[in-house]
Amino acid sequence: MPDPYFQHDTTGVKRMYALEMMNITKEFPGVKALDRVSFKVKKGEIHALCGENGAGKSTLMKVLSGLYPAGTYDGEIRIDGKPVSFRNIVDAEQAGIAIIHQELALVKEMTVGENIFLGREPRKFGIIQWDQLYYEAETWLKKVGLTISPQTKIHSLGIGQQQLVEIAKALAKQANILILDEPTAALTESEVEILMGILEQLRAQGVACIYISHKMPEVFRLADSITVLRDGKSIATLSRAETNEDEVVALMVGRELTERYPYVKKTPRHVVLEVKNYSVWHKEKPMKVNDGIHMTVRAGEIVGIAGLMGAGRTELAMSLFGAYGGKAEGEVWMEGEQVHIRSVQDAIRSGIALVTEDRKRLGLVLGMDVKTNTTLASLKNISRWQVINQNEELKWSQKYVDELKTKTASLETAVGTLSGGNQQKVVLAKWLMAKPKLLILDEPTRGIDVGAKYEIYHLMNKLAEEGVAIMMISSELPEILGMSDRIYVMREGRIVKELSHDEATQENIMMAATGGE
């Protein structure tokens, strides 16, 4: 009789499952987040876990990592064929499980080295051995391609570097089971390549890797197997070699998406935004982050802003919204009238709205409910004598929950408890209620699933059809190419090329973005 804890791979070698999660059921008040989910990973395997936001991926990993302790869920977990029961995260780590969170879990005021070994500092007679700590931290930093000093404070690093520190921290635990939750969301292409190489090394060393990502090209480049969750249930486990992106996406959303980017050719109308010779100074250093920007965005069109990380795209968006902080020079015109934007209030009064790339930190008040977040930018429209009309607040917030198909238990649900895609819909609702003339979207689909992306793309087309001018910043070239009527390419703070939808290709965008022409 075959041993149930072993599986033959294609070479005929028996490989034991590093992890088995069997019939995991997890309920919250009024919601069954996981419904008899089963999930298995072999040693030396990269196993992708795919599904829409809210499908149960994060809940399943919180069960595995001890965040939801034994007794709060039904089902069984086995490590190397043996049943385990975790009371907390420490128990899971001691069993060889490490997790790299999508939301960074670093202490900003501590050094890189202190973060890597937080709670596991090398000690002798109870005293931390700082020389050993920083020496070992430097070794792990080199493995992830970071050349910074381990004594650097976290707050002085960019988001991409912080993500690599988070990866180094997990690797330093030398786990047998490594969970990666959207690990490349903030990484540059070169940093992604480093991570891919690390994962291939770990696979060769027999480490079981669970890879959660909405980026299908990454999944199909790395994964040996793919498990799809939908609505809290395990739908299918497939060999990467025997499936394709379209099949996985169809399993995730429960229907076939005939087109990933529903581009609609539009007829641009009058100029809404015109920027002339616009330069922005760094808020801390004596340097420009934008230099001599000239651009226009018309009513009824989607204008894409492409470029590498550090090209100055986000700084431009934040400055136009009055939220960057650095000194700006040049002219900004809205519908033929010059405007002077010195604050967010000035931008909103001028008809500008910004959906930021960091929705949790800058786009939402996580402790507040859906209703309050939705109406936050439009309180003057539902207030009289500085008193909010609660009936109007309920009416408008419900309207946008319905229109955007936001999944929430109620309007009083704290926004921080929603999935990433639904949080993004609340941010969009907030600015749609403000009825902007210009909507700036900075990485609008980062960290959300293909189904939610598709809904946001349709919303963008609808808004453009209604006459809203849309400026979209995205690091995903297929998204830029698939949704933009025109594309500006930025490099080193300048606009270096303008392309129409028909003439734009990945090649000519990257040539311009890298200075290859």
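The values are calculated or read from the model by the stated rules, or taken from the named source; none is laboratory data. Please read all numbers here as calculations on a predicted model, not as lab measurements. Note that we place each Cβ from the backbone using ideal geometry, even for glycine, and neighbour counts take in every protein chain shown.
Structure notes:
- Checklist (1) modelled with pLDDT under 85; (2) of a type in the set (D, E, K, R); (3) over 30 Å from residue 78 (Cβ atoms) applied to residue 103, failing item: (3)
- Considering the stretch 101-123, the residues that are among the charged types (D, E, K, R) and over 26 Å from residue 359 (Cβ atoms) include one that is nearest to the chain's Cα centre (by Cα), namely 114.
- Filtered by the rule that a residue be more than 20 Å from residue 44 (Cα to Cα) and of a type in the set (D, E, K, R), the stretch 56-90 gives 57, 62, 74, 76, 87.
- Only residues that are in a loop (DSSP other than H, G, I, E, B) and within 20 Å of residue 271 (Cβ to Cβ) were counted in the stretch 470-491, giving 2.
- Sole residue being surrounded by fewer than 19 Cβ atoms within 10 Å (Cβ to Cβ) and under 23 Å from the mean Cα position of the chain (by Cα), chosen from 252, 196: 196
- Residues that are aliphatic (A, V, I, L, M) and either surrounded by fewer than 20 Cβ atoms within 10 Å (Cβ to Cβ) or closer than 18 Å to residue 445 by Cβ (or both), drawn from the stretch 378-406: 379, 382, 387, 388, 394, 404
- Flag if residue 242 is modelled with pLDDT of 85 or more, among the acidic types (Asp, Glu), surrounded by fewer than 19 Cβ atoms within 10 Å (Cβ to Cβ) and more than 12 Å from residue 49 (Cβ to Cβ): yes
- Here is the figure for the stretch 353-373: residues that are small (Gly, Ala, Ser) and either in a loop (DSSP other than H, G, I, E, B) or under 13 Å from residue 433 (Cα atoms) (or both) total 2.
- Failed criterion for residue 223 (all others in (1) closer than 25 Å to residue 474 by Cβ; (2) more than 20 Å from the chain's Cα centre (by Cα); (3) in contact (Cβ under 8 Å) with a residue 40 or more places away in the chain hold): (2)
- Only one entry in 503, 492, 465, 476 is out of contact with any Gly (no Cβ under 8 Å at 6 or more places or on another chain), of a type in the set (Asp, Glu), surrounded by fewer than 21 Cβ atoms within 10 Å (Cβ to Cβ) and in contact (Cβ under 8 Å) with a residue 24 or more places away in the chain, namely 476.
- Residues that are free of Cβ contacts under 8 Å to residues at least 24 places away in the same chain and over 23 Å from the mean Cα position of the chain (by Cα), drawn from the stretch 41-79: 69, 70, 71
- Which numbered condition residue 223 misses (of (1) surrounded by 20 or more Cβ atoms within 10 Å (Cβ to Cβ); (2) outside the structural domain of residue 43 (by TED's automatic domain parsing)): (2)
- Some residue of the stretch 129-136 being aromatic (Phe, Trp, Tyr) and under 27 Å from residue 69 (Cα atoms): no
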